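The values are calculated or read from the model by the stated rules, or taken from the named source; none is laboratory data. Because the structure is a prediction, the values reported are computed rather than measured. Here the Cβ is made from the backbone with ideal geometry for all residues, glycine too, and neighbour counts use every protein chain on show. Each accessible area value is taken on the protein alone, full model and side chains, heavy atoms only, with ligands, DNA and RNA left out. Shrake-Rupley method; radii C 1.70, N 1.55, O 1.52, S 1.80 Å.
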Amino acid sequence: MSAMAPDELGKRLQTDDDVLVLDIRHEEDFDDWHIPASVNVDVYDELTTEPDAAKDDLSELPDEKEIVTVCAEGVVSQTATDVLDELGYDATTLTDGMSGWSRVHRHAPVSVDLDGTLVQVARPGKGCLSHVLISEGEAAVFDPSHYLAEYEAVIDDHDAELVAVLDTHAHADHVSGGHELAARHDVPYYLHPKDALAVETAPIEDGDTVQIGAVEIEVIHTPGHSEGSVSFDLEGKALLTGDTLFHESVGRVELGVEAGIEDSDVEANAATLYESLQRLLERPDDAVVLPAHDPGSPEPPVTATLGEVRAGNEDLGRDREAFIRELADDIPDHPPNFERVKRTNVGQESVPADELADLELGPNNCAAE
């Protein structure tokens, strides 16, 4: 079996133009979520029933590039690779398919004027952004995925010691590794009490500060996306806004309600989010806004100043009534399995480790559209 690891594909896509990613899933699945620059030839049914019937469609592919076939889990795409081999193509299969792609992480430093180093860790398959702060030999991790080795490697590279793990909120699209990472290193796990319903945490409230080396982190309670959402202000230089404020959108307001873990309603959450955003807009225009997600397939570092976000984000230009109406009335598709993911992140459900990948499989849909 000829196969390519997801990490290797990620590196090849960054540096080479001689790879063609062929997604053989159904067109609607491809439209929902796919690897950037991949092409879709919907021959999934043919490959599962009569592989030779897919040859006509697959024979139209260019032959000057190596073809990497993709499906959901890397099973049917192996049949595609076999058919392409018969047709004379240079083909290989992406190990574990889109599930494998979801595990890929990349990182890069963020250019920000702090007495330390801020590293952004991007997970392109989920559109997730995490951050690692290193200052005077101490490190803090913000919004980690459950792939903990990615963050430990960054900390080791900087010869630092982890002293704190912080989540901006209880996420709805992926399972947080925050509690486990903190427990593994016996350090505090910070999450606002409104989101820490059944998980042991070091509670944080509006106005609290956390010191990491020479850098002071201010907690800003910014509810609306979730009742316990917070943003972190790193000395006016950087704003880690979680799912409250994205560069081109804002957080959606119904996920906690529909997951059955909030007593509020959508309109009330939208009004709360509006007020939270006004608080963030009081911060310096040159502060670098670092959300917990990017709607595409992020290549770190993904950054914008608050002034740039203010100018380009249409949601921030709406008055209060229009803002509430827009967020309450236009509900986009939910993140896959968001109810179980939310319950897991607030401590109400425990998901076996071998089920986490399937639970998270699918696109990120935490931004209002």
Q. Just one of the numbered conditions (1) touching a residue at least 12 places away in the same chain (Cβ under 8 Å); (2) under 29 Å from V210 (Cβ atoms); (3) out of contact with any helix residue (DSSP H, G or I) (no Cβ under 9 Å at 6 or more places or on another chain); (4) not acidic (D, E) is not true of P144; which one?
A. (3)
Q.
I need the full set of residues from region 258-274 which are in a helix (DSSP H, G or I) and among the β-branched types (V, I, T), in order please.
A. V266, T272
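Output the residues belonging to region 310-346 that are over 20 Å from the mean Cα position of the chain (by Cα) and part of a loop (DSSP other than H, G, I, E, B).
Residues satisfying the conditions are R318, D319, D330.
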Q. On the given criteria, is S111 surrounded by 18 or more Cβ atoms within 10 Å (Cβ to Cβ) and in contact (Cβ under 8 Å) with a residue 12 or more places away in the chain?
A. no
Q | Count of region 243-262 residues which are surrounded by fewer than 20 Cβ atoms within 10 Å (Cβ to Cβ), within 17 Å of the chain's Cα centre (by Cα) and among the β-branched types (V, I, T) | A | 0
Q) Which one of these is of a type in the set (G, A, S) and within 15 Å of the chain's Cα centre (by Cα): S350, S297? A) S297
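Out of the residues in region 21-47 that are at pLDDT below 95 and of a type outside the set (D, E), state the one that is most open to solvent (accessible area, probe 1.4 Å).
A37
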(Q) I need the full set of residues from region 90-108 which are within 24 Å of L162 (Cβ to Cβ), touching a Gly at 6+ places or on another chain (Cβ under 6 Å) and either open to solvent by 20 Å² or more (accessible area, probe 1.4 Å) or assigned to a strand (DSSP E or B) (or both), in order please. (A) none
Q: Among residues belonging to region 229-242 that are among the small types (G, A, S) and either on the phi > 0 side of the Ramachandran plot or touching a His at 6+ places or on another chain (Cβ under 8 Å) (or both), point out the one that is surrounded by the fewest Cβ atoms within 10 Å (Cβ to Cβ).
A: G236
Q: Sort out which residues of region 270-290 are open to solvent by less than 10 Å² (accessible area, probe 1.4 Å) and either farther than 17 Å from F142 by Cβ or touching an Asp or Glu at 6+ places or on another chain (Cβ under 7 Å) (or both), and write them in order of number.
A: A270, L273, S276, L277
Q | Residue ranges of strands (runs of 3 or more DSSP E) in region 151-257 with at least 2 members within 20 Å of T303 (Cα to Cα) | A | 215-221, 230-234, 238-242
Q | In region 48-71, residue nearest to D333 (Cα to Cα) [restricted to those that are crowded, with 20+ Cβ neighbours inside 10 Å and in contact (Cβ under 8 Å) with a residue 40 or more places away in the chain] | A | C71
Q. Before we move on, is D159 at positive phi and either surrounded by 21 or more Cβ atoms within 10 Å (Cβ to Cβ) or of a type in the set (S, T, N, Q) (or both)?
A. no
Q: For residues that are open to solvent by 30 Å² or more (accessible area, probe 1.4 Å) and at pLDDT 90 or above, tally how many sit in region 325-339.
A: 2
Q: Provide a single number: the residues in region 273-294 that are among the charged types (D, E, K, R) and within 10 Å of T244 (Cβ to Cβ).
A: 1
Q: Could you please let me know if A153 is more than 27 Å from P193 (Cα to Cα), surrounded by fewer than 20 Cβ atoms within 10 Å (Cβ to Cβ), touching a residue at least 40 places away in the same chain (Cβ under 8 Å) and among the hydrophobic types (A, V, I, L, M, F, W, C)?
A: no
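For every residue, the table says whether it meets (1) over 20 Å from H221 (Cβ atoms); (2) out of contact with any strand residue (DSSP E or B) (no Cβ under 8 Å at 6 or more places or on another chain); (3) without any contact (Cβ under 8 Å) to a residue 40 or more places away in the chain.
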site	(1), (2), (3)
D263	no, yes, yes
N269	no, yes, no
D285	yes, no, yes
A292	no, no, no
S297	yes, yes, no
V302	yes, no, no
G307	yes, yes, yes
G317	yes, yes, yes
E321	yes, yes, yes
Q. Is it true that some residue in region 12-20 is hydrophobic (A, V, I, L, M, F, W, C) and either part of a loop (DSSP other than H, G, I, E, B) or without any contact (Cβ under 8 Å) to a residue 12 or more places away in the chain (or both)?
A. no
